[in-house]
1. In straight Cα distance, which aspartates and glutamates are under 14 Å from residue B:262, not counting same-chain residues fewer than 8 positions off?
2. May I ask you to list the trypsin sites (Lys or Arg not before Pro) in segment B:220-284 that are in a DSSP loop and have at most 15 other Cβ atoms within 10 Å of their Cβ?
3. Return the FRET efficiency for the residue pair residue B:316, residue B:198: r is the Cβ-Cβ distance, R0 is 25 Å, and the value is rounded to the nearest 0.05.
4. What do you get for trypsin sites (Lys or Arg not before Pro) in segment B:324-374 restricted to DSSP loop and a cutoff of at most 13 other Cβ within 10 Å of the site's Cβ?
5. Counting other C-beta atoms within 10 Å, which of A:62, B:268, B:67 has the fewest, and how do the rest follow?
6. Leaving out same-chain residues fewer than 8 places away, which lysines sit with a Cα under 17 Å from that of residue B:91?
7. By how many nm would the segment from residue B:189 to residue B:126 lengthen if fully extended, with 0.36 nm per residue of separation less the alpha-carbon distance?
8. Largest first and to the nearest Å, give the Cα extent of chain A along each principal axis.
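Read the figures in this text as sums done on the coordinates, not as results from a lab. Keep in mind it's a predicted model, so treat the numbers as computed, not measured. All Cβ positions, glycine included, derive from the backbone under ideal geometry; neighbour counts span all protein chains shown.
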Amino acid sequence: MNSLPGDVSALVIGYGNDLRGDDAAGWRAAEGIEALHLPQVETILSRQLTPDLAASLSGAPVAVFVDACVDPELDGVRVRRVHPSVGRGDSSHHAAPEDLLWLAAALYHASPRVWAIDIPASEFEFGAGLSQRTSAAVEVAIARIRDIVTRAQ
Amino acid sequence: MSRQIVIDPVSRIEGHAKITVHVDDAGDVQDAEFHVTEFRGFEKFCEGRPLMEMPSLTGRICGICPVSHLLASAKTADAILSVKIPPAAEKLRRLMNLGQIIQSHALSFFYLSGPDLILGFESDPAKRNVFGLADANPEIARRGIRLRQFGQEVIEALGGRRIHPAWAVPGGVRSPLDDSKRLDLLGRIPESLDTARLALTTFKRMLPAFEEEARAYGDFPSLYLGLAGPDGEWEHYGGAIRVVDSTGKVVASALDPADYRKYIGEAVEPHSYLKFPYYREMGYPDGIYRVGPLARINLCTKIGSPGADEELIEFRARFGTANSSFLYHYARLIEILAAVEKVQELLADPEIGSDRLRASAGINQLNGVGASEAPRGTLFHDYTVDENGLITKVNLIIATGQNNLAMNKTVAQIARHYVHGADVKEGALNRLEAGIRAFDPCLSCSTHAAGTMPLKVRIVGPSGLLRELERS
């Protein structure tokens, strides 16, 4: 649910299109975290990042965004800190984690510590399945996310 | 020699499109076109799939309005099974559709069009977005987010997830509404009603400043088409097709959605992947009609919930049958209020807790049509199956597609009003986009026909046309 329970210690948001091959990486990673049933950790699966997620973000002290990433120089899972910045808002499809963090501060005076996990991806054909490389990277991402959220508890 | 002004992509809409404005040497607009540049192909690649998969499959046409397709598809399958679904199942499907209307309309008003309306069409483009709105008026932004969340929570409470809930199925629905969730949702009603009323008050206060826009943004006569109840009351899930003209006169009523081909024709144009539906009796393009909030508000006799009916009376007193596409915004806000009031009513209905939720049957018809009102307008799904229940043919008439002629006309009207001479200001370009945004189109939904459109490919070099290829 968008309205988080009151005692959430960490929020994991996996986003992308689960019918476009490797674009499902964010979902698969978030589902992997969900399956661990970590206490006080909530997950959200979303097709895209929309402004209403700022409200969810404001309810957790720690958040992790996870998504597929097309970057030829990305050699493995990348973990990076996210800092607030104002987006262009040209499309409800293209908000970035930085935009939502900015909105969380502007609207809810919330400043969670936020990370983004970029999972290397290259195959985006119609279909529900990850490439071998991305599938392996999802397992790594799940482990990295677990580290972040368990440290938050 | 003519000049083209191209806006590509159009911003703050769902999906991808471009606008081309043709101007002559004097800078006068000759014509304008709205091009849809997406191609999706669902009508083709669903062939061969089992009927039972169709609600889930077609729900994936769109990530913003999947519920609309889910419900229209389930209704189509109901028709092929020849079942009347249990009353509780219909009420739950209606509840989900109302949640969809709330979340979609809230997104349209607060995130997509709100920046223009509240910050101004000529305001700094760098800030004329949801972030600028949040900065300038955080309270409105917060309220808008909460209202959209409420609609999504209705959907999630029923279907288990906010997007692509695999819950409406042929014959009914998969699961009941948990009573604790029902009470949670009821608890959110007062705030949601308050926000809906705030949005209406805010818009009505701003409206006098938009007289020019109301005249220039698609103000032309057309038919209005949508579902309505037996006495013409506002409908969003059931009922029959009703058509009124630009004066409000009823052109047709109680039309069976299953007979849509008798009264809706579809044309194609080379400049767009979107089909051009029209009302057959009046031919193409004279049979131009609009669907969606403005159409539903124009064609209904009443809404059937107290606050929304009051607003409808005020709207009618002010505009009669409203023909300006700018007033889609106003109609959308009335519908949000209607939807929240009707959610409240359904959540208090004791039948909503029933566990009799599904009728079972085999394939009893080889063709079925299901129609429902998506937030953007009437949606038709038409499936033909074989004896084994495998899809052999699909036709989808999407809400946004039915507004295609009107969107083109709107773009041309705005262009003629705001584009003059060689110096085209940024505000004018934004207004062209804003004209499209008034319709709140979902272009991701609208582009599916495969191999049926005439295509013209023009290869143009610096010295002019090099080669022209055409597929008819």
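1. Residue B:262 reaches B:281, B:382.
2. Listed in order of number, the matching sites are B:249.
3. Here the calculated transfer efficiency is 0.70.
4. Of the trypsin sites (Lys or Arg not before Pro), the ones in loops of segment B:324-374 whose Cβ has at most 13 other Cβ atoms within 10 Å are B:356.
5. Least crowded to most crowded, the residues run B:268, A:62, B:67.
6. By straight Cα distance, residue B:91 reaches B:75, B:181, B:342.
7. That works out to 19.2 nm of additional length.
8. That gives 40, 37, 27 Å along the principal axes, largest extent first.
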